[in-house]
1. With the condition kept exactly as written, say whether any residue in the range 65-75 is assigned to a loop (DSSP other than H, G, I, E, B), touching a helix residue (DSSP H, G or I) at 6+ places or on another chain (Cβ under 6 Å) and open to solvent by 60 Å² or more (accessible area, probe 1.4 Å).
2. I need a count of the residues in the range 20-46 that are over 21 Å from residue 93 (Cβ atoms) and touching a residue at least 40 places away in the same chain (Cβ under 8 Å).
3. If only one of 47, 78 is at pLDDT 95 or above, open to solvent by less than 90 Å² (accessible area, probe 1.4 Å), part of a loop (DSSP other than H, G, I, E, B) and among the polar types (S, T, N, Q), which one is it?
4. So which residues in the range 50-64 are assigned to a loop (DSSP other than H, G, I, E, B) and in contact (Cβ under 8 Å) with a residue 12 or more places away in the chain, if there are any at all?
5. Identify all residues within the range 142-155 that are open to solvent by 60 Å² or more (accessible area, probe 1.4 Å) and among the hydrophobic types (A, V, I, L, M, F, W, C); write none if there are none.
6. Among the residues of the range 12-42, what is the count of those that are modelled with pLDDT of 60 or more and either charged (D, E, K, R) or loosely packed, with under 10 Cβ neighbours inside 10 Å (or both)?
7. Which members of the range 85-119 meet the condition of being among the polar types (S, T, N, Q) and over 18 Å from residue 133 (Cα atoms)?
8. For the range 156-177, how many residues meet the condition of being assigned to a loop (DSSP other than H, G, I, E, B), surrounded by 18 or more Cβ atoms within 10 Å (Cβ to Cβ) and of a type in the set (A, V, I, L, M)?
Amino acid sequence: MKKNIIATLLVLAISSIAIFAANATGQFDVVTSVGGIHEIKLVTVGTTVPTNKGGFDGLSADNSDFTVDDTNYSSVQTVRQLISMSNNRNGYYMTLSATAMGADLGTEFAYINYEVVAGGATVTTNDATEVDSVTNIYDSGTLNGMDFYSTNVTVEVNAEEYENAVTGSYSGTITFNLFAN
C-alpha cells in the first residue's frame with residue numbers, strides 16, 4: 001500500500017510540474033479602420049493621372065474661369081481635365097450639371113447657352129434652368145482598392161447666341177459631383 005501512495009504522490013508531483021512548466025505566451029491584435037476617400041480635382045489638360053493618394057494630393061487644382069471670347073466661341077474647347085479618386089468598396093459615380101451664361105440687364109436676364117461634355121455625360125444649358133445630365137460622367141462599379149478616373153471637359157458655345165448677344169458680363173456654372181454608392 002505504501003508503494004501505491006508513493007506512486008500516486010509521484011504522479012501528482014510530475015503532473016504539477018508539467019502544469020506549472022507550460023510555456024507562456026502573449027499576443028495582441030493589429031487593427032485599423034479605413035475611412036472613405038472621395039475627391040475630385042479639375043486640373044490643366046494633359047496632367048498625368050496619379051496612381052496613389054499622395055500623387056493625387058500633389059495635383060494643383062485649376063478652378064479658374066474659362067473665358068469665352070471672339071477667338072474661341074465658334075468651336076469645341078477642351079477647358080479642363082477632371083480627375084477623381086475614391087476607395088469606396090461599393091463604388092462611386094459622378095454627375096454633371098450646368099447653367100447657361102447669364103447677364104443681369106437690370107430688368108431682365110440675357111443668356112448664352114452652351115454644351116458641356118465630360119466622360120459619358122453631356123449637358124446643353126437652357127437659359128435660367130440648371131440642367132442635369134441624364135447619364136453619369138463615370139460609374140466605377142465595385143472596387144478592390146483606390147480608383148482613379150480621368151476625362152477631359154469640353155465646352156461648345158452656341159455660336160449664334162454669342163454672336164447675337166447684347167452687351168453685358170455673362171457667367172454660368174458647371175458643377176461636378178461625386179457620390180459613393
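The values are calculated or read from the model by the stated rules, or taken from the named source; none is laboratory data. These figures come from a predicted structure and were not determined experimentally. Methodologically, a virtual Cβ is constructed for each residue, glycine included, from the backbone with ideal geometry; neighbour enumeration extends over all protein chains shown. In case anyone asks, the SASA skips ligands and DNA or RNA and just uses the protein heavy atoms, side chains included. Shrake-Rupley method; radii C 1.70, N 1.55, O 1.52, S 1.80 Å.
1. Checking the range 65-75: at least one residue is assigned to a loop (DSSP other than H, G, I, E, B), touching a helix residue (DSSP H, G or I) at 6+ places or on another chain (Cβ under 6 Å) and open to solvent by 60 Å² or more (accessible area, probe 1.4 Å).
2. Within the range 20-46, the first condition is being over 21 Å from residue 93 (Cβ atoms), and the residues that meet it are 20-33, 44-46.
In the following step, the residues that additionally are touching a residue at least 40 places away in the same chain (Cβ under 8 Å) were identified as 45.
So the answer is 1.
3. Details: 78 fails: part of a loop (DSSP other than H, G, I, E, B).
Going through 47, 78 in turn, the sole match is 47.
4. The initial filter retains those residues of the range 50-64 that are assigned to a loop (DSSP other than H, G, I, E, B), namely 50-52, 58-64.
Scanning the range 50-64 gives 50, 51, 52, 59, 60, 61, 62, 63.
5. Step one: filter the range 142-155 for residues open to solvent by 60 Å² or more (accessible area, probe 1.4 Å), giving 142, 144, 146, 152.
146 - this is the single residue of the range 142-155 that is open to solvent by 60 Å² or more (accessible area, probe 1.4 Å) and among the hydrophobic types (A, V, I, L, M, F, W, C).
6. Count: 16.
7. At the first step, the residues of the range 85-119 found to be among the polar types (S, T, N, Q) are 86-88, 90, 95, 97, 99, 107, 113.
Residues satisfying the conditions are 86, 87, 88, 90, 107.
8. The total comes to 0.
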